Structures are given as structure tokens and as C-alpha cells.
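Everything below concerns the one structure shown next.
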Amino acid sequence: MTITDYLMNIGLIALVVLQIRGHKVTRARLLFPLVATVFVAAQFLHAIPTAGNDLVLIVGLACVGAALGAGAGLVTAVRLDGASAFAKAGLVAAVLWVVGIGARMGFALWMGHGGQAAVVRFSVLNHITSGSAWGAAFVLMAMAEVASRTGVLYLKARRSGAAIERGGLLRPPVPA
């Protein structure tokens, strides 16, 4: 793993800390994780391999990411605070979020420290044609995790009857 990989994962974990503190749901707080994830993904994802069972791997891990993100969103409490929605993640949401990040980091570390032969064997047996399929799968897993969590929080905020205000990325959290 490179320094960029570590920084990206540390940034994603930092998002969990901010979510545990709680925050007002604003357009900026909904859009920032999506924009940041798309930007980072664009740095890593240049093609989506479709040969063999590459798409099965990619779609499978994207579905895992979507499930983890949706689960984190579903267990994040969203309540009405005046005319605004206030979201606060708990332990289960944090665990789901870190499981996704940890799986990607763990896989990358394992690959760099002796796991490559096992992944090659698995790939050959399951008709996964290249390492780029694994990369695409993990990038799309991260994107799906962020997108599904954000989508669930948006829906929960709208369902609460709250207005989703503009701005608010750097404002301190509203006291719980």
C-alpha cells in the first residue's frame, strides 16, 4: 500500500469519528463524501474489466459495499432538530463502516505480505482474469458503501420532514 492508500483510508475512518459526534444534515454534508469518493476512485479506476468472471467479482463486492453502507445508514439515528435533521452514528454504524474499510486495507496488506499466490490461485480457479478486476471491485465497493449510506441518510432526513439546508460542512455539530 502507498502513502496515498493509507491517507485515503485514514480519511474514510475519520468520517466515522465525525458521524459519531453527530451533525446537521445539509447538502454539503451529503455531497462531500460522494464527491470525495468519486475523485479518489477516478485516481484508481481507469477501466472495468469484463472478461471471465471479473464482473461477478466486481458486482459482488459492490453489493457488499452497498449492504455495509446501507446498514450503517439504517442504524444511524436521524432526528428532527427544529426544521433541520440531525444525524448521529452509533457503535454499530461505526463497526459496519470500519468493516468495509478494514476489509479493503486488510486485503491490500495481505497481498503485499505473502497472500499474492493464494489470490492468483483463487483467480485462476474462478476465472478472474487480472489484478485490475480486484482493484476495480474494491474501488466500486468503496463507492457503493459511501453512496448507499449517503442515500439512506438523505431518505431518513427527508422522511423526518426536515429541510435539507445548503452549506454546513464546517459548522460545529448541534448539541445532542
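Mind ranking 110-123, 86-99 by how tightly packed they are, going by the mean number of other C-beta atoms within 10 angstrom, highest first? Walk me through the numbers before you get to the answer.
Values: 110-123: 12.3, 86-99: 18.4.
Going by the mean number of other Cβ atoms within 10 Å, highest first, we get 86-99, 110-123.
Could you work out, for the range 2-88, what percent of all Cα-Cα pairs fall into each 10 Å distance bin, beginning at 0 Å and stopping at the bin that holds the largest distance?
Binned Cα distances yield the sequence 13, 37, 33, 14, 3, 0.
Taking only protein heavy atoms into account and a 1.4 Å probe, give the accessible area per residue of the range 22-92 in Å².
Heavy-atom SASA per residue in the range 22-92 reads 50 Å².
Taking the structure as given and computing P(r) over Cα pairs in 10 Å bins from 0, in percent, which label from (1) 8, 28, 26, 14, 8, 6, 5, 3, 1, 0; (2) 10, 36, 31, 16, 7, 1; (3) 9, 32, 35, 18, 6, 0 fits?
It is the one labelled (2).
Who wins for biggest fluctuation among Gly82, Gly102, Gly151 in a Gaussian network model of the chain, springs between alpha carbons below 10 Å?
Gly82
Rounded to a whole number, what % of the accessible area of the chain do carbon and sulfur atoms account for, probe 1.4 Å?
Carbon with sulfur: 72 percent of the solvent-accessible area.
Given labels modelled 7 Å from the Cα in the Cβ direction, how far is it in nm from Tyr6 to Gln116?
In this crude spin-label approximation the distance works out to 2.0 nm.
What is the gain in length, in nm to one decimal, between Val75 and His46 on full extension, counting 0.36 nm per residue of separation less the C-alpha to C-alpha distance?
Between Val75 and His46, full extension yields 7.1 nm more.
Can you compute 3J(HN,Hα) from phi for each residue in the range 36-52, using the Karplus curve 6.51 cos²θ - 1.76 cosθ + 1.60 with θ = phi - 60°, rounded to whole Hz and x for Gly and Pro?
4, 5, 5, 4, 5, 4, 5, 6, 9, 9, 10, 7, 10, x, 10, 6, x
How many nm separate the modelled label positions at Ala83 and Asn126, each set 7 Å beyond the Cα in the direction of the Cβ?
Placing both labels 7 Å along Cα→Cβ, they lie 5.1 nm apart.
Kindly provide the helix-only [θ] at 222 nm of the chain, computed as the sum of -39,500 (n - 2.57) over DSSP H runs of four or more divided by all residues, to the nearest 500 deg cm²/dmol?
Dividing the helical sum by the residues of the chain leaves -23000 deg cm²/dmol.
Springs between alpha-carbon pairs under 10 angstrom, Gaussian network model over the chain: which of Ala14, Ala77, Ala137 fluctuates most?
Among Ala14, Ala77, Ala137, the largest GNM mean-square fluctuation belongs to Ala14.
The values are calculated or read from the model by the stated rules, or taken from the named source; none is laboratory data. Because the structure is a prediction, the values reported are computed rather than measured. Glycine also receives a Cβ, built like all others from the backbone with ideal geometry; neighbour counts cover every protein chain displayed. Protein only, heavy atoms only, side chains kept; ligands, DNA and RNA dropped before computing areas. Shrake-Rupley method; radii C 1.70, N 1.55, O 1.52, S 1.80 Å.
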